[in-house]
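Please read the structure below before turning to the comments.
The values are calculated or read from the model by the stated rules, or taken from the named source; none is laboratory data. Note that the structure is a prediction, hence the values are computed from the model and not measured. All Cβ positions, even for glycine, are placed from backbone atoms using ideal geometry, and neighbour counts span all protein chains on display.
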Amino acid sequence: MAETRPVDVHPPYLYPDYKSTRLRAPAQPLVRVAPSPLETAGPVFPKRFVGESEADLTTWGTSAPLGENPHPVDDHDAPLDPNFLGKGQVLTDDEGRYRVVTVKPGAYPWQNHPFGWRPAHIHFSLFGNAYAQRLITQMFFPGDPLLAIDPIFQSVPEAGRKLLIADLDLEQGIEGVALGYRWDLVVRGPRATPMGV
Ligand SMILES: [Fe+2]
């Protein structure tokens with residue numbers, strides 16, 4: 001699948017300013033392994049695998065979440081919101097549309113470099129009909145000044161960066177309650193969303 005993607009929008013395996021890539025980037029040429037029938041044809045996720053309510057991340061707790069929330073796996077000592085688990089899942093409809101409701105994430109500090117802060121972002125993991133059809137990436141918010149100094153966002157070639165930023169689309173929001181954003185994901189082809197972010 002890798003050679004079908006345009007290389008000019010996807011981040012390189014090694015981007016030294018993003019420190020963990022120094023350790024995890026392959027040091028040897030990749031070896032291509034032909035996918036087995038299981039990886040290309042199945043398993044297909046049954047529809048019951050995803051409950052409709054799981055697309056709304058604000059209704060998992062006993063009351064509404066407080067709002068901006070620290071990363072669920074970080075080691076920062078900011079208080080956790082007991083009414084926000086930080087994850088959800090949704091099936092796309094027959095036209096590939098999806099909708100999730102969540103609190104807007106905040107920036108959080110990380111140890112990559114002195115005074116390092118990640119811009120607000122949401123991690124996405126997409127599955128097709130089989131485990132091998134997978135896209136992992138991040139969505140960012142428009143106008144965030146931290147984008148300019150985020151080594152993860154900056155590791156994406158310039159042509160790909162705009163594909164990771166959602167568009168403000170108020171009518172997709174909830175009147176009087178929540179802003180709406182639109183973010184289109186393309187799994188393959190010339191408009192593919194940068195992956196591996
Ligand atoms: Fe994150």
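The set of residues in segment 173-183 that are touching a residue at least 12 places away in the same chain (Cβ under 8 Å) and in contact with a Leu (Cβ under 9 Å, 6 or more places away or on another chain) comprises L179, G180, Y181, R182, W183. The single condition from (1) touching a residue at least 60 places away in the same chain (Cβ under 8 Å); (2) within 12 Å of the ligand (Cβ to nearest atom); (3) in a loop (DSSP other than H, G, I, E, B) that R99 fails is (2).
Tallying residues that are over 14 Å from the mean Cα position of the chain (by Cα), under 22 Å from D144 (Cβ atoms) and part of a loop (DSSP other than H, G, I, E, B) within segment 166-196 yields 5. Only one entry of G173, G196, G143 meets the criterion of being under 23 Å from G51 (Cα atoms), out of contact with any Ser or Thr (no Cβ under 7 Å at 6 or more places or on another chain) and not aromatic (F, W, Y), and that entry is G173.
Quick grid of which residues meet (1) modelled with pLDDT of 95 or more; (2) within 14 Å of the ligand (Cβ to nearest atom); (3) over 15 Å from the mean Cα position of the chain (by Cα); (4) assigned to a loop (DSSP other than H, G, I, E, B):
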residue	(1), (2), (3), (4)
D77	no, no, yes, yes
L80	no, no, yes, yes
G86	no, yes, no, yes
V90	no, no, no, yes
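Within segment 149-177, the set of residues being within 14 Å of H10 (Cβ to Cβ) and of a type in the set (D, E) comprises just one member, E158. Of all residues in segment 109-155, those being farther than 30 Å from P37 by Cβ and in a strand (DSSP E or B) number 8. Take F141 and decide whether it is of a type outside the set (S, T, N, Q), in contact with a strand residue (DSSP E or B) (Cβ under 9 Å, 6 or more places away or on another chain) and surrounded by 13 or more Cβ atoms within 10 Å (Cβ to Cβ). Yes. For segment 117-131, the set of residues classified as in contact (Cβ under 8 Å) with a residue 12 or more places away in the chain and either β-branched (V, I, T) or more than 9 Å from the ligand (Cβ to nearest atom) (or both) consists of W117, P119, A120, I122, F124, L126, F127, G128, N129, A130, Y131, listed by residue number.
Can you pull out the residues in segment 161-178 that are more than 17 Å from P119 (Cα to Cα) and surrounded by 13 or more Cβ atoms within 10 Å (Cβ to Cβ)? Passing the criteria: Q172, G173, A178. For segment 21-41, the candidate set comprises residues that are surrounded by 12 or more Cβ atoms within 10 Å (Cβ to Cβ) and of a type outside the set (A, V, I, L, M); within that set, the residue that is modelled with the highest pLDDT is T21.
Within segment 143-171, residues that are within 23 Å of S20 (Cα to Cα) have Cβ atoms under 7 Å from residues that are crowded, with 19+ Cβ neighbours inside 10 Å and basic (K, R) in these pairs: D150/R118, counting only partners at least 6 apart in sequence or on another chain.
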